[in-house]
1. Can you tell me which condition Thr81 does not meet? The list is (1) at pLDDT 90 or above; (2) under 24 Å from Leu234 (Cβ atoms), and all the others hold.
2. Assigned to a helix (DSSP H, G or I), at negative phi, buried (at least 18 other Cβ atoms within 10 Å of the Cβ) and not assigned by TED's automatic domain parsing to the domain that holds Arg124: does that describe Gly225?
3. Report yes if Arg305 is more than 20 Å from Asp91 (Cα to Cα) and under 21 Å from the mean Cα position of the chain (by Cα), otherwise no.
4. Every residue in segment 247-258 that is in a strand (DSSP E or B) and either touching a Gly at 6+ places or on another chain (Cβ under 6 Å) or free of Cβ contacts under 8 Å to residues at least 40 places away in the same chain (or both), please.
5. Have a look at Leu151, Leu169 and point out the one that is touching a residue at least 24 places away in the same chain (Cβ under 8 Å), farther than 16 Å from Gln96 by Cβ and out of contact with any strand residue (DSSP E or B) (no Cβ under 6 Å at 6 or more places or on another chain).
6. Can you tell me which of (1) under 25 Å from the mean Cα position of the chain (by Cα); (2) part of a loop (DSSP other than H, G, I, E, B) is the one Arg104 doesn't meet?
7. Six or more apart or on different chains, Cβ under 6 Å: which pairs go from a residue in segment 109-129 that's in a helix (DSSP H, G or I) to one that's of a type outside the set (A, V, I, L, M, F, W, C)? Could you list them?
8. Which numbered condition in (1) surrounded by 15 or more Cβ atoms within 10 Å (Cβ to Cβ); (2) in a helix (DSSP H, G or I); (3) of a type in the set (A, V, I, L, M, F, W, C) is the only one that Phe143 fails?
Amino acid sequence: METGITSSEAATKNKLIPRDSLQEKLPTLVFAGGYYPRELEEYSVVIDGRMPDDVRLMLQRAFRQTIISKFPQYKSPSRHTPFLQCILLLDLLQKQEKRSIGMRTRKFRTELKTRGLEANIVPRLIHKLQMLDLIETQKSHLFLHEQQYRLWLETPMHTRMNQYYQSELSNPPEMILKVVELKAEPDEWLCLDMLGTRIGSVVEGKALLEMGIVEFKEVDMQTYGRLSNLGWYLYFQREPHEWAQPMILVSADFEAFVPHNYDPEAIEYLLHISKLKNTGYFLVFDLNVVASKETKSLMELLNKRAMAVPDVVRFELTNVRKSQ
């Protein structure tokens with residue numbers, strides 16, 4: 001909020017910033033805003049309890065590196081996001097003979113386990129997909145709305161994500177606003193304690209993590225936070241650098257290992273043309289079942305996104321199956 005006070009008024013006192021405990025608190029005061037101690041008035045930083053706008057901007061630039069850190073050795077945890085969970089549940093239904101399955105059957109429990117979907121999260125996924133008009137329930141059975149599902153697949157991924165995370169986008173966490181204010185980059189972590197940014201409670205912090213759009217890290221008794229790849233894609237429409245990197249590992253046994261937090265469009269494509277074997281640390285796809293008509297597009301994907309393709313796999317996909 002603009003105060004209407006300029007640094008020319010503050011300059012009349014023109015004194016140095018104190019080098020004491022108050023100075024240590026200054027970065028937090030500058031970024032968090034709100035109440036400013038009267039002691040700062042004698043140092044030309046605050047006038048009548050308010051900080052001049054241009055002084056605040058100047059100090060924010062000066063203290064930016066105090067607030068922001070980089071941890072190049074950090075690796076994002078590979079976990080299901082709620083959006084990926086919904087993709088997996090939709091794929092489960094799409095691969096059933098009648099596009100439906102009984103929720104109380106052993107088959108359903110087995111299919112959930114294969115996809116790494118825990119039974120306790122299924123009601124939440126069902127509710128979300130019902131809101132999107134993609135499925136319905138009747139007498140303990142799940143049914144896929146095939147026409148709506150086809151339209152869903154034809155919709156751009158960013159639009160689908162916006163629809164799925166509509167409530168989160170309309171009421172963004174405070175940390176998102178700080179990312180915008182500081183013009184933070186994807187590899188930069190914000191010290192939430194120094195920013196005065198609150199994640200509310202343990203419950204709220206867990207909820208933000210479960211949404212898959214933020215990450216938290218504890219360093220030297222300080223809490224740091226940043227947007228996940230998904231968060232950057234949602235809030236800033238910037239495709240994360242990692243999504244375009246070759247992160248798929250292909251084995252000579254015709255298996256593709258894909259991180260859970262990789263490009264959801266690539267994951268969805270592999271779900272449709274191959275078979276998901278398990279979802280441990282990676283999503284593991286069986287490429288042996290890929291139809292010959294899909295080999296060309298699969299090789300195009302692997303050429304761009306795989307770290308390497310074993311010769312035996314490349315030969316099979318580009319020669320043997322192509323001729324079948």
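The values are calculated or read from the model by the stated rules, or taken from the named source; none is laboratory data. Source: prediction; values computed, not measured. Virtual Cβ from ideal backbone geometry, glycine too; neighbours counted across all protein chains shown.
1. Single failed check for Thr81: (1).
2. Here the answer is no, as Gly225 does not meet what is asked.
3. On the way: more than 20 Å from Asp91 (Cα to Cα): yes; under 21 Å from the mean Cα position of the chain (by Cα): yes.
Against the criterion (more than 20 Å from Asp91 (Cα to Cα) and under 21 Å from the mean Cα position of the chain (by Cα)), Arg305 qualifies.
4. Glu255, Phe257, Val258
5. Numbers: Leu151 fails: touching a residue at least 24 places away in the same chain (Cβ under 8 Å).
After applying the criteria, what remains is Leu169.
6. (1)
7. Leu125/Gln85
8. (2)
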